[in-house]
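A short worksheet on the structure shown next.
The values are calculated or read from the model by the stated rules, or taken from the named source; none is laboratory data. Since the structure is predicted, the reported quantities are computational estimates derived from the model, not experimental observations. Methodologically, a virtual Cβ is constructed for each residue, glycine included, from the backbone with ideal geometry; neighbour enumeration extends over all protein chains shown. Keep in mind that these areas ignore ligands, DNA and RNA; they rest on the heavy atoms of the full protein, side chains included. Shrake-Rupley method; radii C 1.70, N 1.55, O 1.52, S 1.80 Å.
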Amino acid sequence: ISFCFLQAEPIRVVVTGAAGQIAYSLLYSIAKGDVFGKDQPIILILLDIPPMLPVLDGVVMELQDCALPLLREVIPTDKVEVGFKDIDAAILVGSMPRKEGMERKDLLKANVAIFKTQGAALDKYAKKTVKVLVVGNPANTNCLIASKSAPSIPKENFSCLTRLDHNRACSQVAMRCSVSSDNVKNVIIWGNHSSTQYPDVHHAKVNIQGSEVAAYDAVKDDAWFRGEFISTVQQRGAAVIKARKLSSAMSAAKAICDHMRDIWFGTKEGEFISMGVHAAGNPYGVPEDLIYSFPVQIKNKTWKIVDGLPINDFSQAKMDATAAELVEERDTAVDFLSQ
């Protein structure tokens with residue numbers, strides 16, 4: 001008797017900046033099934049700039065050598081029309097990094113050009129159901145520009161990565177309470193993926209020996225939460241660079257996997273995670289035309305901002321400060337966009 005197992009149709013996933021170090025930590029997890037499911041075949045498209053094509057060939061060889069059953073095909077390319085054709089998921093890691101002595105404004109200008117091009121290519125070539133995750137910095141504003149440049153793709157399909165900050169905050173609380181990080185839930189990153197972000201634990205819970213305790217009660221050190229905890233999470237990326245002389249790659253890749261898996265399969269009942277999404281219609285008074293990190297719950301590949309969380313004056317001031325930075329970034333970027 002022969003059994004015929006019907007396997008799902010492969011999905012097409014593109015990763016940009018595919019020759020870079022974040023992608024190097026990321027591609028194996030995607031190809032092995034950690035993100036889109038253990039029975040979901042994948043066609044991986046690796047997009048990068050022309051000078052990186054020889055490096056991409058090496059990455060392709062390594063992916064082949066992993067002998068992964070779900071990986072149907074790997075396509076290296078430097079052309080957006082190949083990279084974005086009929087894709088189901090886009091992970092935009094590639095961006096212009098900040099060089100020594102570079103003004104933030106110059107960085108924005110260079111990235112507006114990149115994400116305008118990629119947004120237009122998504123608009124033209126990708127499936128309209130594509131889920132787009134922007135990782136390359138400044139991630140929130142790059143995401144907004146990509147979305148504005150892809151008018152035929154729903155705004156809700158665009159998000160930017162603040163899950164790394166979220167995971168950092170989780171881990172800090174867990175270490176402080178001497179529990180593993182899966183015992184901490186519902187921390188929030190508000191705002192920009194920059195040093196103005198606000199890591200908020202007013203609504204977080206810690207599971208201590210089987211009972212759920214508010215994070216503030218578990219830690220019993222309000223000064224730490226309002227001082228050192230916030231600055232540690234805000235400055236963590238810089239601390240990693242100072243130590244490794246390279247930016248976060250392993251942890252960024254893990255956060256990308258968490259973010260995409262939650263979009264694909266949803267968040268757990270009673271839990272929320274942080275991601276940068278369109279602020280339109282948000283219940284927290286954040287200006288509308290921004291990509292801002294909120295607490296969200298996800299079901300059927302659709303996110304919803306968690307409503308009704310009480311916000312005290314301390315939190316409100318921090319949320320307003322990061323929003324102000326995003327408004328300034330947006331206005332500068334939109335000026336470049338119209339030039």
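Before moving on, here are some points about what is shown:
- For the range 314-333, the set of residues classified as touching a Ser or Thr at 6+ places or on another chain (Cβ under 9 Å) and either at pLDDT below 95 or not small (Gly, Ala, Ser) (or both) consists of 318, 322, 325, 326, 329, 330, 332, listed by residue number.
- Flag: residue 150 matches the condition of being buried (at least 24 other Cβ atoms within 10 Å of the Cβ) and among the hydrophobic types (A, V, I, L, M, F, W, C).
- Unmet requirement for residue 253, which otherwise passes all of (1) under 28 Å from residue 28 (Cβ atoms); (2) without any contact (Cβ under 8 Å) to a residue 24 or more places away in the chain: (2)
- The number of residues in the range 167-215 being within 20 Å of residue 315 (Cα to Cα), of a type in the set (Ser, Thr, Tyr) and either open to solvent by 40 Å² or more (accessible area, probe 1.4 Å) or in a loop (DSSP other than H, G, I, E, B) (or both) comes to 3.
- Looking across the range 34-63, the residues that are among the acidic types (Asp, Glu), over 17 Å from residue 256 (Cα atoms) and either part of a loop (DSSP other than H, G, I, E, B) or not assigned by the TED database to the domain that holds residue 114 (or both) come down to 39, 48.
- Taken over the range 36-76, the criterion of being of a type in the set (Val, Ile, Thr) and in contact with a strand residue (DSSP E or B) (Cβ under 8 Å, 6 or more places away or on another chain) is satisfied by 42, 43, 45, 59, 60, 74, 75.
- Residue match in the range 10-25 (condition: open to solvent by 80 Å² or more (accessible area, probe 1.4 Å) and not in a helix (DSSP H, G or I)): no
- Candidates 82, 74 - the one that is surrounded by fewer than 23 Cβ atoms within 10 Å (Cβ to Cβ) and either charged (D, E, K, R) or assigned to a strand (DSSP E or B) (or both): 74
- Applying the criterion of being part of a helix (DSSP H, G or I) and among the basic types (Lys, Arg) to the residues of the range 107-132, the residue that is least open to solvent (accessible area, probe 1.4 Å) is 116.
- Those strands (runs of 3 or more DSSP E) lying entirely in the range 235-318 with at least 3 residues buried (at least 16 other Cβ atoms within 10 Å of the Cβ): 273-278, 291-299
- Taking residues in the range 169-189 that are assigned by the TED database to the domain that holds residue 236, and partners anywhere that are aromatic (Phe, Trp, Tyr) and surrounded by fewer than 19 Cβ atoms within 10 Å (Cβ to Cβ), the pairs with Cβ atoms closer than 9 Å and at least 6 places apart or on different chains are 176/224.
- Residues located in the range 47-67, provided they are touching a residue at least 24 places away in the same chain (Cβ under 8 Å) and open to solvent by 30 Å² or more (accessible area, probe 1.4 Å): 49, 50, 52, 53, 55, 66
- Some residue of the range 192-205 being out of contact with any Lys or Arg (no Cβ under 9 Å at 6 or more places or on another chain) and over 22 Å from residue 321 (Cβ atoms): no
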